[in-house]
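Sharing a structure here in structure tokens format.
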Amino acid sequence: MIRASTIKTLKIDDRDFSARHDETILDVARQNGIFIPKICDLKGLSPVGACRLCLVEVKGSNRLLPACSTLVEEGMEVTTTTERLQRYRRNILELLFTERNHVCSVCVSNGHCELQTLAQKLDITHVHFRYRYPNLDVDASHDRFSVDHNRCILCSRCVRVCDEIEGAHTWDFMGRGIESLVITDLAEPWGTSETCTGCGKCVHVCPTGALFEKGKSVAEMLKRREFLPYLTQMREEHS
Amino acid sequence: MSPEELEQIAEAERERQAKFKHRIKVCMAAGCVSCQSEGVKAALDKEVAARQAAAGGGECDCEVKCVGCMGLCAGGPLVAVGDSALYQHVTPEDAPALVESVGGAPVSRLVCPTDVPFFQKQKKVVLENCGNIDPERIEDYIAAGGYTSLMQALGDMTPLQVISEITRSGLRGRGGAGYPTGLKWSTVSKAPGEKKYVVCNADEGDPGAFMDRSVLESDPHRVLEGMLIAAFAVGANEGYIYVRAEYPLAIKRLRIAIKQAERLGLLGNNICGSRMSFHLDLRLGAGAFVCGEETALLASIEGRRGIPRPRPPYPAMEGLFGQPTLINNVETFASIAPIIRHGGEWYAQIGTEKSKGTKVFALAGSVNNTGLVEVAMGTTLREMVYEIGGGMAEGRQFKAVQTGGPSGGCLPAQFLDMPVDYENLARAGSIMGSGGMIVMDDTACMVDVARFFMDFCMGESCGKCVPCRVGTYHMHGLLKKITQRRGSTADITQLEELSDLLKNTSLCGLGQSAPNPVLSTLRYFAEEYKAHVEEHRCPAGVCNSENGDDAANEPPNPDAPVAIDLGSGKGGDQ
């Protein structure tokens, strides 16, 4: 039973909405077709607030808050798009482009990459920070999948889906700061991993072409992630 | 353990100490240990024993005692003979002369004058026992009045009274942000939860800061007592001290202190016959600066990777293992016992209007007296540098003082007469931080200082959020370029742009405050940046383009915006 007090009303961009108390600003925005950019968040996985693209202004808070992990509150007044927010979002995307080697035209995810889409949506044509051009490996030791670290944006979706949904926890991070890298097991080749079940969820949640299936053409390498919310929902219902 | 039993222990210890006519105290904190104070102690022991044997044995009337930090680390190893004479730069060869001087004329060549501002200007509350008691003997702490505050709280006060006493004292968190301690305690005590935790943050990591280390090495029981009182106030029965593994001596003394307190029934079940139980354990940090951030620290204690998470929920509501958790810094806990003993009003008399009490600073850099000092809040920077610090080393010109470590800023001479408190420092563009204070003279290049701190932040960024992970990398690159005298005005604009981004969009305090050294030097030392980028020279003569020039590794014309190849695709789902 849902008590009345658990329903909150709030304003997003001057429009009134109601929401359950356990919903986030991003949930409400998504339900109502309000676009808030984000790349680490994925419905069905726990929010981490890492990409900082979904930062919004909330009246009364002197800090910008991540829409993905901020729960709604009664009387909240949220602004999702301001000149300042857009500038920050563009800056953050530019930083992501400089961090590794993203070249869309030779990428297997060209056309269905979230980083690419966001850059197009936010009208990014040039990057004014210096490129790092790191020299990173590609691990193609697995039978069916490959990981190309040059395209990884460290969003941790693969780490979370492997841990939270599949329960294998094959993926994790190594190193810190700019040296961070996603790894399988204890930084062993993916193909030799004894914990990997080969389920492929990590590949399908990856927003870029960092994780992909072998032998698929660009047109075929579509990622399907509708299953995630259903999986979590069904597990909750049957537990 | 009852108050009477505690008094008995104190009495027995005082009697034991009274048996000695003379006392020689040797500093055994890390600063002096690193310059061979252990050898000095051994030599003194040997000398005292030899003299006693020569005198035909019998009762020894001179005790050679290990004590904690005496403050003036620049003069180490420090030895105090009796109550009056302090000696500096003592070597094992000096032992005979020192023992000879007991009860007689001091050894003038080693004397360290104690009538100077360095000692006179200090106000010791947190450090009251440092340099007086043996940190490895609980009896010594009890004889100095230790654990009476705990008895007082358990016996005569309700948790609410304890919290209101702390609130009345005006104590603010000494870890850096200055959050009111009483308010934090009250929040945790009111938070619903089946179990609560008290955590002591001893992951001190600012370059040049060693306040917490000295307190833990010199007076560990004071921290334990503060935690016990906090646990009583908020209703916690389990606690952790998160101490960095780089502090082996502090860890050793904490382990001893915990064991001793357990043996006397001051830790464990039914403390002092009350209904309160409290179990305390140590957790060692594995060398990540970010683990000083409270949510990262909690993750680390839980055995996970030490990375911050968004707040709210705050640890006071959902902390360690999802339970309400009180996290305070070492110095905050060390301030608790005196507040309970003398009352909140007494503490609130010290300091300024909004920043009460005293603050311990680790004074470092180019001043004559480097070391650990405790002063009342509101002491001016001029008093810190020219009186307590004994003036600039080698008679050099003062240039800036850096407070707050990598999250703080550099303040120029115009702020010398500013009283140091949380508000004033923040207004000037720096922070109190944990209390590091680095004094810089005219040989320091402020751009290079900014580069040093950015290098630190880049290396310590956990890599979770994009602005901090990539932003600190770019800011460091730009600063490096400027210090290699290859910079341009555009680089400074970009530094400002990135500073704004990091400050406002980073996930945790590390990223949000990482631009502070850059912003404060840009604000107060703009002409130095200008000299670097316009005239390609370093006014202080520090930056040398021959050193580590990596221009060759850079792409041609790196300042022009680079078009990104977004391919021809229409984009995927969002």
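The values are calculated or read from the model by the stated rules, or taken from the named source; none is laboratory data. This one's a predicted model, so the numbers in the text were calculated from it and none came from an experiment. Every residue, glycine among them, receives a Cβ derived from its backbone with ideal geometry; neighbour counts consider all protein chains shown. Remember, those area values only see protein heavy atoms, side chains included, never the ligands or the DNA or RNA. Shrake-Rupley method; radii C 1.70, N 1.55, O 1.52, S 1.80 Å.
Quick check on my filter: what residues within segment A:44-88 are among the charged types (D, E, K, R) and more than 9 Å from chain B (Cβ to nearest Cβ)?
A:Glu57, A:Lys59, A:Glu73, A:Glu74, A:Glu77, A:Glu83
Hey, another quick one. Out of curiosity, is A:Gln116 closer than 20 Å to A:Val218 by Cβ, crowded, with 20+ Cβ neighbours inside 10 Å and not acidic (Asp, Glu)?
In short, yes.
Next question, about the same structure. Given the options A:Ile39, A:Ile34, name the one that is in a loop (DSSP other than H, G, I, E, B), at pLDDT 95 or above and away from chain B (no Cβ under 11 Å).
Only one candidate qualifies: A:Ile34.
Further, regarding this structure: Out of segment B:246-269, which residues are assigned to a helix (DSSP H, G or I) and either under 23 Å from B:Ile9 (Cα atoms) or small (Gly, Ala, Ser) (or both)?
Residues satisfying the conditions are B:Ala250, B:Arg253, B:Leu254, B:Arg255, B:Ile256, B:Ala257, B:Ile258, B:Lys259, B:Gln260, B:Ala261, B:Glu262, B:Arg263.
Spot the failing condition for B:Met70; the list is (1) touching a helix residue (DSSP H, G or I) at 6+ places or on another chain (Cβ under 6 Å); (2) under 28 Å from B:Gly365 (Cα atoms), and only one is missed.
(1)
Can I ask one more? Can you name every residue in segment B:496-508 that is within 11 Å of chain A (Cβ to nearest Cβ) and in a helix (DSSP H, G or I)?
B:Glu497, B:Leu498, B:Asp500, B:Leu501, B:Leu502, B:Lys503, B:Asn504, B:Thr505, listed by residue number.
For segment B:422-439, how many residues meet the condition of being of a type in the set (A, V, I, L, M, F, W, C) and in a helix (DSSP H, G or I)?
Going through segment B:422-439 one residue at a time, the tally reaches 2.
Next up: Go through (1) closer than 21 Å to B:Met70 by Cα; (2) open to solvent by 10 Å² or more (accessible area, probe 1.4 Å) for B:Gly357 and report which single condition fails.
So the condition that B:Gly357 fails would be (2).
How about segment A:3-36: which of its residues are closer than 27 Å to B:Ile307 by Cβ and surrounded by fewer than 14 Cβ atoms within 10 Å (Cβ to Cβ)?
Scanning segment A:3-36 gives a single hit, A:Asp22.
Next question, about the same structure. Can you tell me which residue in segment B:384-408 is surrounded by the fewest Cβ atoms within 10 Å (Cβ to Cβ), limited to those that are more than 27 Å from B:Ser513 (Cα to Cα) and of a type in the set (A, V, I, L, M, F, W, C)?
The selected residue is B:Ala393.
Out of B:Arg14, B:Arg23, report the one residue that is open to solvent by 50 Å² or more (accessible area, probe 1.4 Å), touching a residue at least 12 places away in the same chain (Cβ under 8 Å) and within 20 Å of B:Leu98 (Cβ to Cβ).
Exactly one of B:Arg14, B:Arg23 is open to solvent by 50 Å² or more (accessible area, probe 1.4 Å), touching a residue at least 12 places away in the same chain (Cβ under 8 Å) and within 20 Å of B:Leu98 (Cβ to Cβ), namely B:Arg23.
Suppose we filter B:Leu381, B:Leu326, B:Leu425, B:Leu320 for residues that are open to solvent by less than 10 Å² (accessible area, probe 1.4 Å), touching a helix residue (DSSP H, G or I) at 6+ places or on another chain (Cβ under 7 Å) and either free of Cβ contacts under 8 Å to residues at least 60 places away in the same chain or more than 30 Å from B:Gly193 (Cα to Cα) (or both); which single one remains?
B:Leu381
Name the residue, out of B:Tyr524, B:Tyr529, that is more than 10 Å from chain A (Cβ to nearest Cβ), in contact with a Pro (Cβ under 9 Å, 6 or more places away or on another chain) and either under 30 Å from A:Cys54 (Cβ atoms) or in contact (Cβ under 8 Å) with a residue 12 or more places away in the chain (or both).
Sole residue among the options that is more than 10 Å from chain A (Cβ to nearest Cβ), in contact with a Pro (Cβ under 9 Å, 6 or more places away or on another chain) and either under 30 Å from A:Cys54 (Cβ atoms) or in contact (Cβ under 8 Å) with a residue 12 or more places away in the chain (or both): B:Tyr524.
Pairs only if they're at least six apart or on different chains, beta carbon under 9 angstrom, first in segment B:230-242 and farther than 17 Å from B:Leu282 by Cα and of a type in the set (Phe, Trp, Tyr), second modelled with pLDDT of 95 or more and surrounded by 23 or more Cβ atoms within 10 Å (Cβ to Cβ); list them, first residue then second.
Final answer for the pair search is B:Phe232/B:Leu150; B:Phe232/B:Ala153; B:Phe232/B:Val162.
For A:Ile39, indicate whether it is under 23 Å from A:Arg90 (Cβ atoms) and open to solvent by less than 20 Å² (accessible area, probe 1.4 Å).
Yes.
Taking segment B:34-87 only, how many residues are among the polar types (S, T, N, Q) and either at pLDDT 90 or above or in contact with a Pro (Cβ under 6 Å, 6 or more places away or on another chain) (or both)?
Of the residues in segment B:34-87, 3 are among the polar types (S, T, N, Q) and either at pLDDT 90 or above or in contact with a Pro (Cβ under 6 Å, 6 or more places away or on another chain) (or both).
If you don't mind, there's one more thing I want to ask. Restricting to segment B:154-177, name every residue that is open to solvent by less than 30 Å² (accessible area, probe 1.4 Å) and of a type outside the set (D, E, K, R).
B:Val162, B:Ile163, B:Ile166, B:Ser169, B:Gly170, B:Leu171, B:Gly173, B:Gly176
Only helices (runs of 4 or more DSSP H) wholly contained in segment B:285-367 count here; list those with 2 or more residues that are closer than 15 Å to B:Gly175 by Cβ.
Output list reads B:294-301, B:330-342.
Still on this structure, I have one more. Quick check on this structure: which one of A:Val138, A:Val147, A:Val127 is more than 8 Å from chain B (Cβ to nearest Cβ) and either open to solvent by less than 20 Å² (accessible area, probe 1.4 Å) or out of contact with any His (no Cβ under 8 Å at 6 or more places or on another chain) (or both)?
None of the others qualify; the one that does is A:Val147.
What tally of residues in segment B:440-475 results from selecting those that are away from chain A (no Cβ under 14 Å), buried (at least 22 other Cβ atoms within 10 Å of the Cβ) and assigned to a helix (DSSP H, G or I)?
Here the count works out to 6.
Limited to segment A:160-198, what total is found for residues that are within 14 Å of another protein chain (Cβ to nearest Cβ) and either polar (S, T, N, Q) or in a strand (DSSP E or B) (or both)?
Result for segment A:160-198: 8.
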